[in-house]
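Enquirer: One structure coming up, written as structure tokens, with questions to follow.
A short reminder: the numbers here are calculations on the coordinates, not readings from a lab. Here the structure is a predicted model, which means the values were calculated and not measured. Using ideal geometry, Cβ is built from the backbone for each residue, glycine included, and neighbour counts are taken over all protein chains shown.
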Amino acid sequence: MTIHIIEAARILTGCGPTLAPGTVVLADERIAWVGQSEGLPARWAGASAERIGLPEATLLPGLIDAHVHLSFGGDPRPPVALLATTRMAVAATIHAALRQLRDAGITTVRDLGAPRYIDASTLGDLDAGPRVLTATIPLTVAGGHCAGLGGVVTEPADIDRLVAANAARGADWIKVMVTGGFTTGGRSSPYEPQFTDAQLARIVAAARVHGLPVAAHAHGTAGIRQAVGAGVDSLEHCTWMSADGFDLDHEVVREIADRRILVCPTINHQAREATGRLPWAVRREQLRVMLDAGVRLIPGTDSGIPQTPHYQYAHSLPIWTDLGYSASDIIKLATSSAAQALRIDHLTGTLTAGRSADLIAVPGDPTSDLGALTAPVLVATAGHLHYPANTTEENTRP
Ligand SMILES: [Zn+2]
């Protein structure tokens with residue numbers, strides 16, 4: 001067994017008071033013990049272990065980005081570009097994405113759309129990268145949003161077949177493009193539903209057969225309403241758009257809250273500067289209305305799309321202060337709450353004995369400066385320790 005004993009100035013466990021100073025013991029891929037340093041049990045104190053001292057750092061659970069695209073690589077027309085590339089090239093893009101995410105302290109991602117036959121789960125062990133919850137191939141219509149990824153369905157039998165194939169491929173979620181999007185052009189309108197009510201109901205029913213939750217890409221209000229009616233589990237983007245403006249439906253907002261549907265508004269590091277079709281002032285107001293109604297929001301960046309690199313998740317988090325969250329609230333939102341929302345809190349999201357050893361160390365105290373989250377000095381993914389390239393081992397060890 002490989003034992004690491006890490007002592008830090010403070011530990012935010014995500015499920016109790018701050019431990020200062022605190023110690024965490026990692027045994028192989030799991031957390032074996034966490035507590036105040038002075039209480040380290042003799043069993044561990046005397047163990048032959050690698051000891052790491054971080055006297056000026058804070059340890060906390062690894063970050064969770066609930067909406068990424070590992071295979072997109074920042075290309076402006078990802079589905080088109082992916083069709084023209086090779087399987088090896090896509091695999092290389094995914095590996096690079098996972099390395100960037102890991103070195104930025106993101107230890108779990110939900111990958112919401114991958115091309116035909118290629119996704120993280122089919123590529124085997126990715127050098128101890130982040131945990132990947134994958135939606136594999138998203139369902140869409142002919143000529144619709146991300147149709148180039150290979151998930152075009154029309155008849156009930158097509159729907160059942162693709163959902164079953166995704167489940168067999170290791171899907172953790174089923175992704176459905178309820179409306180069109182902005183990156184794909186053609187027949188895809190972000191303001192309009194792509195499927196009929198009956199098709200969408202069939203998709204949700206097919207996912208349930210395999211015990212899988214459904215994530216719905218939905219911009220326009222008509223699509224959001226349709227997705228909520230069909231009983232999806234998460235709404236991605238949820239921008240309440242219409243062809244000529246916005247149309248936030250308070251009745252539907254109430255239903256989203258009542259049904260405990262997650263909303264992942266895909267806020268990236270540039271969201272505050274957005275001035276075009278979706279200015280931040282409008283977005284902020286929509287999000288406040290949803291929060292006031294009790295809707296559960298979950299952070300995610302849509303990284304992999306243009307201008308949204310995988311390593312800037314932590315840069316997006318301070319923007320949540322505009323919605324009234326404190327720094328401590330935001331850390332919870334990006335760790336323990338995200339794990340609960342994604343149904344993996346039995347695995348990760350808190351520093352608790354028995355959970356996966358997914359943690360980061362950041363300089364200083366992120367509860368007083370969220371900027372600290374952008375520069376992790378140590379990242380553990382299931383017990384594998386990484387020292388991101390902008391730091392050296394010397395300055396993280398005693
Ligand atoms: Zn996306």
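Enquirer: Taking the chain as a Gaussian network, Cα atoms linked when under 10 Å apart, which of T221, T350, T18 shows the biggest mean-square fluctuation?
Expert: Result for the chain, Cα springs under 10 Å: T18 fluctuates most.
Enquirer: Taking the DSSP beta bridges in the chain as the whole, what percent of them are antiparallel, to the nearest 5?
Expert: Looking only at bridges with both residues in the chain, the antiparallel portion is about 45 percent.
Enquirer: Within segment 84-103, whose backbone N sits under 14 Å from a point 7 Å along Cα→Cβ of A389?
Expert: 96-103
Enquirer: Moving on. Could you tell me whether segment 5-115 comes out rounded, prolate or oblate from its Cα gyration tensor? Rule is a ≥ b ≥ c as square roots of the eigenvalues, rounded for a/c under 1.5, then prolate if a/b exceeds b/c, otherwise oblate.
Expert: Working: a/c = 3.73, a/b = 2.77, b/c = 1.35.
It comes out prolate by the Cα gyration axes.
Enquirer: Highest GNM mean-square fluctuation, the chain, Cα pairs closer than 10 Å: which of T367, T23, T352?
Expert: Per the Cα network of the chain with a 10 Å cutoff, T367 tops the list.
Enquirer: For segment 265-329, rounded, prolate or oblate, judged on the Cα gyration tensor with a ≥ b ≥ c (square roots of eigenvalues), a/c < 1.5 rounded, else prolate if a/b > b/c?
Expert: Judged from the Cα gyration tensor, segment 265-329 comes out oblate (a/c at least 1.5, b/c at or above a/b).
Enquirer: Given a cut-off of under 8 Å on Cα pairs at least six residues apart, what relative contact order in percent is computed for the chain?
Expert: Rounded, it is 20 percent for the chain.
Enquirer: Let me check against my output: what whole-number percent is the relative contact order of segment 250-352, with C-alpha pairs under 8 Å and at least 6 apart?
Expert: Working: 110 pairs, mean separation 29.0, N = 103.
It comes to 28 percent, rounded to a whole number.
Enquirer: For segment 149-257, state which trypsin sites (Lys or Arg not before Pro) are in a DSSP loop and have at most 16 other beta carbons lying within 10 Å of their beta carbon.
Expert: Qualifying residues, ordered by number: R169, R187.
Enquirer: Let me ask something additional. Which ³J(HN,Hα) values, rounded to whole Hz and listed in residue order, are derived for segment 367-374 from phi using the Karplus coefficients 6.51, -1.76 and 1.60 in 6.51 cos²θ - 1.76 cosθ + 1.60 with θ = phi - 60°, glycine and proline given as x?
Expert: So the J values, rounded to whole Hz, are 6, 9, 8, 4, x, 4, 5, 7.
Enquirer: Continuing with the same structure: Quote to one decimal, in nm, the extra length available between H210 and R51 on full extension: 0.36 nm per residue of separation minus the C-alpha distance between them. Can you show the working numbers first?
Expert: Values: separation 159, 0.36 × 159 = 57.24 nm, distance 4.38 nm.
Between H210 and R51, full extension yields 52.9 nm more.
Enquirer: Additional query: Would you work out which of T86, I3, L19 lies farthest towards the positive end of the dipole of the chain? Charges go on Cβ: Lys and Arg +1, Asp and Glu -1.
Expert: T86
Enquirer: Another question about this same structure. Which whole number in µm²/s is D for segment 20-79 by Stokes-Einstein, with the Kirkwood Rh taken over Cα pairs at 4 °C and 1.567 mPa s?
Expert: After rounding, the answer is 87 µm²/s.
Enquirer: Now for a different question. Over segment 132-247, what portion of Cα pair distances is larger than 21 Å, expressed as a whole percent?
Expert: 28
Enquirer: At 222 nm, what helix-only mean residue ellipticity would the chain give, in deg cm²/dmol to the nearest 500, using -39500 (n - 2.57) for each DSSP H run of four or more? Could the numbers behind the result be given before it?
Expert: Working: 11 runs with 102 residues, N = 398.
It comes out at -7500 deg cm²/dmol, rounded to the nearest 500.
Enquirer: Classify segment 63-341 from the C-alpha gyration tensor, please: rounded if a/c falls under 1.5, else prolate or oblate depending on whether a/b exceeds b/c.
Expert: Because its axes are fairly even, with a/c under 1.5, segment 63-341 counts as rounded.
Enquirer: Suppose each label sits 7 Å from its Cα in the direction of the beta carbon; what would the A20-Q270 distance come out to in nanometres?
Expert: 3.8
Enquirer: In nanometres, what is the gap between the two model label sites at S242 and R259, each 7 Å from Cα along Cα-to-Cβ?
Expert: 2.1
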